[in-house]
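These notes are about the structure you will find just below.
No value in this document is a laboratory result; all are computed from the given coordinates. What you are looking at is a predicted structure, and each value in this text was computed from that prediction instead of being measured. Because the Cβ atoms are built from the backbone with ideal geometry, glycine has one as well, and the counts that use them run over all protein chains shown.
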Amino acid sequence: MTHGDVNPHNILRREENGKLILIDFGAVKEITTQLINPTAQIQSIVAIGTPGDVPGEQAQGTPKLSSDIYALGIIGIQAITGLSPHQQKMQILMK
């Protein structure tokens with residue numbers, strides 16, 4: 001089972017012991033993606049997650065167990081660089 005929406009807004013620090021905890025297991029967001037399949041028909045896929053933090057396979061509606069690990073990695077990069085996932089992509093495209 002995956003969380004499906006690992007992002008900075010769903011991680012809190014407990015006051016009593018300082019540990020980080022993951023929240024929001026039930027309130028997920030939907031992202032609708034349109035794909036064109038080989039027969040040129042448009043197909044809509046509903047994916048769960050927060051745009052920017054979602055790995056490609058999850059955005060396409062086929063999350064894997066590793067999808068949450070990917071999202072956690074994006075959070076780590078965001079913590080180190082101070083850039084949102086959108087800003088990170090723009091930095092890469094501009095190089």
Exercise. Tell me, what ³J(HN,Hα) does each residue in the range 81-90 have, in order and in whole Hz, if you take phi through Karplus 6.51 cos²θ - 1.76 cosθ + 1.60 with θ = phi - 60° and put x for Gly and Pro?
Worked result: 8, x, 9, 5, x, 5, 5, 4, 5, 5
Seminar exercise, completed: Mean Cβ-within-10 Å packing, highest first, puts peptides 15-23, 83-91 in the order 83-91, 15-23
Seminar exercise, completed: Computed ³J(HN,Hα) along the range 8-13: with the Karplus parameters 6.51/-1.76/1.60, θ = phi - 60°, integer Hz and x for glycine or proline, the list is x, 6, 9, 10, 10, 10
Problem set entry | Projected label distance in nm at Met94 and Leu72, using a 7 Å step from Cα toward the beta-carbon | 3.1 nm
